[in-house]
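Structure first, commentary second.
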Amino acid sequence: MYHISDIKKFLRCQRLYYFSKDENNVFKPYLRSDENIVDLLKEYFGIKECYEGVRNDPGERFFSQIDQYEWFVHPRFVEDEMRVNVPFMHKNGDLFDLYFMYYGTYVKDLDTLSYRITLRVLKDLGIKIGEIYLIRLNGDYVNEGTIDPKKLFLCENSFNRRSLKSIIEEVDVDFKRYLKEMEAFDPQKEAPRKCRYCKLNGLCDHYDKCFPNEEKDADDSILTLVSSQYKNRMYEEGIRHLKDVNTDLLEGSRTQYAQIMASRNGGLFIDHYSLSSWLDKISKRPISFIDFEWDRYLIPSYEKMRPMDVVCFEFALYYIDENGHMEHRTFVGTGDCRREFVEALLEYLPKEGPILAYNAQGAECLRLIELSVIYPEYKEELEKIVDRFVDLAVPFIDGLVYDVRMQGNYSLKKLVDICSDYSYKDLDIYDGMEAVYSWRDIANADEEKGEKIVENLKEYCSLDAYGLFLVYRWLIQLMLESK
Ligand code: SF4
C-alpha cells in the first residue's frame, strides 16, 4: 500500500524513497496540539452524527455506510494500492464537498499534489465532487478563556481569488504511473545522481551509501559558500575551494567576502575595526548570557493565546558579576508557565548590563515582546530588558568573523564545537526540537521520570547559555591574538 507521502519522497529523490521504505520513523509533530482538532471541527460544522474513519480502514467501509450519514470524518479510500483520506466530507445531493485542512493561519502554498492525487482516487472510485474547501486557523482569534471553534477556524473555497476546485482540477496527476515507477525502481540498476536534497539540511543520512568513494569536502569547500545560487555550478566547473571562487558568479555579500578571505588567509578572517566596535558594546559588567526554550501551539490552549503562539517553558542564564564571578540560574516550568517564566526572569536577571543571546531579535526579544502584551503589568520591565540585548550572531552573519571550520554553518552549536571541547553529543537532549519533545513528555511522566526530564532540559539549555559565553570569550581571544 502507498501513501501520498511516498510519492512526494519518490519525486524528491528515488533512492531516498527506496531507502526509507524499511525505516520505521515515528512522526513527531512540530506544532503542539493538546486539543482534539476533529472534535473542535465537529463543533465548528455543528456535526451531531457522522461516519468516522480509522487507521487501516478497508476502502469498502465508506461505501457500505454511504447512505447512513451526511458527514464523513477521515474516510479512507484505496485505489490501485494508493491509500488516501479526506479530513471532512459532506454529502450535498449526489455530490460530495471536500474539506482539506491547512495547519496554519496563512496559506502560503497549496499542497496541490496531495489534493490532486486525492481527487483522482475519489473520481476513479466513482465519487462525484461538489465544492472543495480549505480549513485553516484564524490568526486573529484570541483565546478568551475557552476555545470557541466557530471563531477559531476559517473555511474558504478559493485561493488567490481563484476557486480551489479549478486550481486542483486543472492538472490531473497520474498517480498510477508513479506507483509503477516506484515498484520498478532498483537502486542497483541506477547510478546515484547528486540532487539538492543530498546536502539540503546537512548531509542526507544515506549520503555515504550513495557516494561511498567521494573525497570528503575541505572545510573551505566552495560548497560552503552561503547564499550562493552558483556554488554547485562552480563545483561542477572544477572549483573546489572558496579562495578560487569565480567572482563573476558571486553575489558579493559581506558574509561571502569573509568566507573567501578566510580561505585565502589560511582559515580565519577578522574585520578588526568592526569587531572591536561591536565588542565595545559589551564591556560593562554584569554581562548576562541567556537562552530560552519554547513550544509552539497549533490551537491556542491557554488564555490570551492566538493560534501558533508559543509558551516559553525554560531559560538558562549565566552572568558575570561586577567582581568577575560567574553565576548560573535556570527555570523550567510545566503547563501554562508563562507568568512564572516572566517572574523568574525578572528575579534572576541582573538589573543592568548587556544580555547576550544568539539570534536574539528573532528569538528571545520577540518572546519578551509577546509576553509583555500578555502581561501588561510587566510591560515596562520587559521592554527595558529587550533594549539590553546584544545579538551574538551578528559578528558572524554580518561577516565580521569567519573561520573555515564553520563550513558555512552559522549555528551556535557549530561555534561551540569550534571554540571549545564542550559537546552536545554527550547530552541526553542534544537539540532544540528534542528539548520540546521532552518537555511535552513531562505531562504524562511519573514524578521520577519528570524530574529526570527537567534535569536533562536544564543541562541542554545551560550548555546553550554557557556556549554564548564560550563564543564571546573566543571572539575576545581572536582579537587579542590577531593584534
Ligand atoms: S544522498 Fe542524495 S541521492 Fe542519496 S538518497 Fe540522499 S538525497 Fe538521494
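Structure summary
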read-out	value
Cα centroid separation - region 57-73 against region 461-483, whole Å	62 Å
Mean separation of Cα contacts under 8 Å, 6 or more apart, over the residue count of the chain: relative contact order %	13 percent
Computed [θ] at 222 nm, deg cm²/dmol, the chain (DSSP H ≥ 4; -39,500 (n - 2.57); rounded to nearest 500)	-11000 deg cm²/dmol
Global geometry of region 12-94, whether rounded, prolate or oblate, following the gyration tensor of its Cα atoms and the 1.5 cut on a/c	oblate
Trypsin sites (Lys or Arg not before Pro) restricted to region 192-222 and DSSP loop, no more than 16 other C-beta within 10 Å	Arg193, Lys194, Arg196, Lys199, Lys216
Distance in nm between pseudo-label sites at Asn36 and Tyr437 (7 Å out along the Cβ direction from Cα)	2.6 nm
The chain: antiparallel DSSP beta bridges as a percent of all, rounded to 5	75 percent
HN-Hα J in Hz across region 362-375 - Karplus 6.51, -1.76, 1.60, θ = phi - 60°, x for Gly and Pro	x, 10, 4, 5, 4, 4, 5, 5, 4, 5, 5, 6, 5, 10
Förster radius 45 Å - calculated FRET efficiency between Leu480 and Tyr103, Cβ distance, rounded to 0.05	0.35
Three-way shape call for the chain based on the alpha-carbon gyration tensor, with the a/c threshold at 1.5	oblate
Gap separating the Cα centres of region 201-228 and region 79-158, nearest whole Å	40 Å
In nm, spacing of pseudo-spin labels at His272 and Glu455 (7 Å Cα→C-beta vector)	5.0 nm
Which of Ile397, Ile168 has the fewest Cβ neighbours within 10 Å, and the rest in rising order	Ile397, Ile168
Within region 58-130, GluC sites (Glu not before Pro) in DSSP loop having at most 13 other beta-carbon neighbours inside 10 Å	Glu70, Glu81
In region 165-203, the chymotrypsin sites (Phe, Trp or Tyr not before Pro) that fall in loop regions by DSSP, at most 15 other Cβ within 10 Å	Phe185, Tyr197
Degrees between helix 432-442 axis and first principal axis of the chain (Cα, 0 to 90, nearest 10)	70 degrees
Residues with amide H under 5 Å from that of Phe389, placed H, sequence gap 5 or more	Ile355
FRET efficiency, Ser158 to Phe185 (Cβ-Cβ, R0 41 Å, nearest 0.05)	0.60
Thr146, Thr255 arranged by Cβ crowding within 10 Å, fewest neighbours leading	Thr146, Thr255
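Here, each number is a calculation from the coordinates, and none is a lab measurement. Every value quoted in this text rests on a predicted model; they were computed, and no experiment measured them. So basically every Cβ, Gly included, is an ideal-geometry build from the backbone, and we count neighbours across all protein chains shown.
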